[in-house]
Amino acid sequence: MPTQMLDRFFQLSANNTTVRTELAAGLTTFLTMVYIIFVNPSILGDAGMPKESVFVATCLVAAAGTALMGLYANYPIAMAPGMGLNAYFAYAVVIGMGIPWQAALGAVFISGCLFILVTMVGLRAMIVDGIPRSMRVGITVGLGMFLALIALKNAGIVVANDATLVKAGDLHQPAALMAVLGFFVIVALDRLRVRGAILIGIVLVTVLSFFFGGNTYQGVFSLPPPISPTLFALDIPGALAAGILNVVLVFFLVELFDATGTLMGVARRAGLLVEGKMERLNKALLVDSGAIVAGSMLGTSSTTAYIESAAGVQVGGRTGLTALTVAALFLACLFIAPLAAVVPAYATAPALLFVACLMLADLGEVDWSDTTESIPAAVTALGMPFTYSIAEGIAFGFISYAVLKLFTGRARDVKPVVWVIAGLFAFKIAYVGA
């Protein structure tokens with residue numbers, strides 16, 4: 001497709017970007033989230049699902065969902081099976097509740113259909129529009145803190161500890177040292193206005209990993225395994241008969257605010273909000289909803305928008321061409337899985353940490369003199385990393401916002417949709433669990 005056609009279709013000039021910038025942004029986003037094609041099969045494999053088929057399903061739904069986000073909604077946001085959602089699917093639903101994975105996929109399918117319904121009637125967009133400004137900032141900052149925790153964990157700089165929950169890792173390890181070097185290189189290059197600073201940092205650490213990290217070359221090409229064991233294996237009647245409507249509710253609420261929070265946070269970071277709103281929000285939400293349904297039919301847990309998209313946005317990605325680039329790379333992963341596996345998690349960690357630090361700047365927009373606005377925003381931001389869940393952080397924030405407004409006699413300042421959301425989250429926590 002000629003450059004002029006790309007410019008016209010994706011509105012590159014209007015968004016002050018170029019084909020080269022969009023391609024670099026897409027590659028950056030892909031490198032920060034490609035881990036999912038290896039992690040997702042591992043997690044769902046613990047639930048008894050065929051890992052090879054889940055690998056193919058993960059690549060296909062990530063490619064299809066991200067491509068639609070780019071072509072239909074024209075946003076630089078990538079999609080893939082969500083971390084946290086896959087863990088809940090495997091360990092809480094299948095292993096913990098003893099529900100067959102086929103029935104669990106049926107529950108995902110039902111939640112996706114509910115999403116499509118509430119999106120088409122405009123209810124989901126109304127929910128997003130009803131989010132107070134302070135909460136939007138809290139969500140963005142919380143996403144940044146969540147990204148930082150993921151980055152530090154991937155680099156081995158922060159590790160688990162039985163007594164204190166977390167502690168500093170062994171900073172003498174090559175992975176941690178290379179991640180620190182990569183972080184400083186990215187920050188310095190960005191400050192010096194070097195184009196592609198994040199991508200350069202990722203490539204640098206990957207190259208060093210061959211010399212100091214024990215990384216090995218495993219080839220380039222491989223044929224994809226069959227997807228037939230999971231394709232259309234979902235059991236919808238089984239999901240309904242198993243009496244797991246609580247599971248559907250959890251999937252619905254977590255998917256709703258995980259994806260919504262990510263979409264708003266990344267769009268805000270990219271400067272794509274107009275008067276605080278996403279112009280093509282309904283399109284983005286419809287793609288997100290459809291991807292959940294498609295993923296359940298292919299054989300994977302809930303698909304969602306990825307916060308790692310913020311890394312591509314920082315490189316300059318502003319349109320769907322960034323997403324289309326990510327989609328093409330995920331599709332290629334079906335045949336170049338060995339090459340994609342070469343980039344270690346600690347190589348992308350510096351990029352995620354850099355983006356996370358930049359996202360914290362939005363805290364300055366909160367009105368700290370009004371504690372009924374600032375405290376819920378802070379609770380939202382703190383809740384995400386400390387619960388390791390975007391949705392839980394948003395839940396705590398909404399409940400705090402509604403309660404504080406009520407206790408201070410300002411209930412009229414709260415939009416009806418906020419009361420409904422806070423009530424649903426309170427019900428979920430009380431009767432379903434966090």
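The values are calculated or read from the model by the stated rules, or taken from the named source; none is laboratory data. Since the model is a prediction, treat every value here as computed from it, not as a measurement. FYI the Cβ positions are ideal-geometry reconstructions off the backbone, even for glycines, and counts take in every protein chain you see. Just so you know, the surface numbers come from the protein's heavy atoms only, side chains and all, with ligands and any DNA or RNA stripped out. Shrake-Rupley method; radii C 1.70, N 1.55, O 1.52, S 1.80 Å.
Values for this structure:
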item	result
Any hit, the stretch 111-119, residues being closer than 27 Å to P350 by Cα, open to solvent by 30 Å² or more (accessible area, probe 1.4 Å), of a type outside the set (G, A, S) and over 18 Å from the mean Cα position of the chain (by Cα)	no
Restricting the stretch 372-428 to residues that are part of a helix (DSSP H, G or I) and charged (D, E, K, R), the residue that is farthest from the chain's Cα centre (by Cα)	R412
Residue ID - farthest from S42 (Cα to Cα), chosen from residues in the stretch 74-87 that are of a type in the set (G, A, S) and surrounded by 24 or more Cβ atoms within 10 Å (Cβ to Cβ)	A78
Breaking point among (1) closer than 25 Å to A78 by Cβ; (2) polar (S, T, N, Q); (3) open to solvent by less than 10 Å² (accessible area, probe 1.4 Å), for S374	(1)
So V185, is it more than 28 Å from M278 (Cβ to Cβ) and open to solvent by 40 Å² or more (accessible area, probe 1.4 Å)	no
Residue among L334, L329, L352 that is buried (at least 24 other Cβ atoms within 10 Å of the Cβ), touching a Leu at 6+ places or on another chain (Cβ under 8 Å) and within 21 Å of M79 (Cα to Cα)	L352
Looking only at the stretch 150-182, and only at residues there that are open to solvent by 40 Å² or more (accessible area, probe 1.4 Å) and among the small types (G, A, S), the one that is nearest to L353 (Cα to Cα)	A168
Qualifying residue in the stretch 24-33 (condition: open to solvent by less than 20 Å² (accessible area, probe 1.4 Å), in contact with a strand residue (DSSP E or B) (Cβ under 7 Å, 6 or more places away or on another chain) and touching a residue at least 60 places away in the same chain (Cβ under 8 Å))	yes
Those residues of the stretch 291-323 which are modelled with pLDDT of 95 or more and either of a type in the set (S, T, Y) or surrounded by fewer than 24 Cβ atoms within 10 Å (Cβ to Cβ) (or both), in sequence order	V293, A294, S296, M297, T300, T322
Members of the stretch 34-64 that are open to solvent by 40 Å² or more (accessible area, probe 1.4 Å), modelled with pLDDT of 95 or more and either closer than 26 Å to P350 by Cα or touching a Leu at 6+ places or on another chain (Cβ under 7 Å) (or both)	L60
Residue list for the stretch 188-203, filter: at pLDDT 90 or above and open to solvent by 60 Å² or more (accessible area, probe 1.4 Å)	R191, L192
Any chance S369 is open to solvent by 10 Å² or more (accessible area, probe 1.4 Å), assigned to a loop (DSSP other than H, G, I, E, B) and among the hydroxyl-bearing types (S, T, Y)	yes
